[in-house]
1. Residues that are under 30 Å from residue 57 (Cα atoms), without any contact (Cβ under 8 Å) to a residue 24 or more places away in the chain and exposed (fewer than 14 other Cβ atoms within 10 Å of the Cβ): does the range 114-124 have at least one?
2. Regarding the range 176-188, can at least one residue be identified that is within 30 Å of residue 58 (Cα to Cα), at pLDDT below 95 and part of a helix (DSSP H, G or I)?
3. Residue 97 is checked against (1) under 17 Å from the mean Cα position of the chain (by Cα); (2) at negative phi and fails just one. What number does that condition carry?
4. Considering every residue within the range 144-153, establish whether at least one is modelled with pLDDT of 85 or more and part of a strand (DSSP E or B).
5. State whether one or more residues within the range 111-127 are under 23 Å from residue 181 (Cβ atoms) and touching a strand residue (DSSP E or B) at 6+ places or on another chain (Cβ under 8 Å).
6. Restricted to the range 22-31, and to residues that are surrounded by fewer than 17 Cβ atoms within 10 Å (Cβ to Cβ) and either without any contact (Cβ under 8 Å) to a residue 12 or more places away in the chain or within 20 Å of residue 161 (Cβ to Cβ) (or both), which residue is nearest to the chain's Cα centre (by Cα)?
7. Could you pull out every one of the helices (runs of 4 or more DSSP H) wholly within the range 1-101 that has 3 or more residues that are assigned by TED's automatic domain parsing to the domain that holds residue 148, in contact with a strand residue (DSSP E or B) (Cβ under 8 Å, 6 or more places away or on another chain) and modelled with pLDDT of 80 or more?
8. In the range 151-166, which residues are surrounded by 16 or more Cβ atoms within 10 Å (Cβ to Cβ) and touching a strand residue (DSSP E or B) at 6+ places or on another chain (Cβ under 7 Å)?
């Protein structure tokens with residue numbers, strides 16, 4: 001808590017810094033500064049009302065993404081570093097298919113249903129109830145990593161999450177950066193496509209040849 005108050009960084013980031021620095025608070029502060037976390041956290045309360053809406057079309061028009069990312073000034077919005085970041089995130093959305101922006105956006109009922117499914121799977125594997133419940137917590141974390149944009153590992157560099165990329169960019173650019181919203185379209189998604197039985201298909205082809 002003391003480290004969090006001094007740096008403004010999140011609790012998990014503070015915990016990680018302390019572990020990395022063997023509990024030394026001063027070294028942990030340096031660690032956070034080097035990783036840009038402390039700087040980014042201090043900017044979190046600022047208003048980011050500028051930014052850009054970027055688009056990305058992939059696979060010959062089969063997948064499209066619209067993404068809004070905000071910053072504090074028009075100057076930064078026009079900068080190459082900011083625009084590259086935004087485009088990389090749009091690419092991530094196209095490739096990784098996130099359903100939500102962050103884990104806070106996942107509806108409670110979705111998580112509860114997912115937990116029920118995961119618990120049933122763990123119990124079916126023969127795990128005791130208490131072990132199964134602990135397994136569910138770990139698997140829910142994986143659910144967030146798969147379905148929430150900010151929690152996903154960057155496809156170009158899996159050592160970083162999208163959230164870490166935003167934090168690093170905030171620290172280096174010097175302004176608050178926030179991913180606000182996105183939409184992903186996939187050609188034919190949600191449509192019921194026509195399928196034919198193989199035998200019927202062959203029969204139709206033979207009939208066509210006879211005719």
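1. Residues of the range 114-124 that are under 30 Å from residue 57 (Cα atoms), as a first pass: none.
Checked against the condition, which is being under 30 Å from residue 57 (Cα atoms), without any contact (Cβ under 8 Å) to a residue 24 or more places away in the chain and exposed (fewer than 14 other Cβ atoms within 10 Å of the Cβ), the range 114-124 yields no hits at all.
2. No: the range 176-188 contains no residue that is within 30 Å of residue 58 (Cα to Cα), at pLDDT below 95 and part of a helix (DSSP H, G or I).
3. (2)
4. Of the residues in the range 144-153, the ones modelled with pLDDT of 85 or more are 144-153.
Now restrict to residues that are part of a strand (DSSP E or B): 148, 153.
Looking for residues that are modelled with pLDDT of 85 or more and part of a strand (DSSP E or B), one finds at least one in the range 144-153, hence yes.
5. no
6. So in the range 22-31, the residues surrounded by fewer than 17 Cβ atoms within 10 Å (Cβ to Cβ) come out as 22-27, 30.
Of the ones still in play, those that are also either without any contact (Cβ under 8 Å) to a residue 12 or more places away in the chain or within 20 Å of residue 161 (Cβ to Cβ) (or both) are 22-24, 26-27, 30.
Details: 22: 30, 23: 30, 24: 31, 26: 31, 27: 30, 30: 27 Å.
Going through the qualifying residues, I end up with 30.
7. Numbers: elements: 2-7, 11-20, 25-34, 37-42, 74-77, 80-96.
It comes to 74-77, 80-96.
8. 151, 152, 153, 154, 161, 162, 165, 166 - these are the residues of the range 151-166 that are surrounded by 16 or more Cβ atoms within 10 Å (Cβ to Cβ) and touching a strand residue (DSSP E or B) at 6+ places or on another chain (Cβ under 7 Å).
The values are calculated or read from the model by the stated rules, or taken from the named source; none is laboratory data. Predicted model only: the values in this text are computed from it and were never measured. Positions of Cβ are generated from backbone atoms using ideal geometry, with glycine treated the same way; all protein chains shown enter the neighbour counts.
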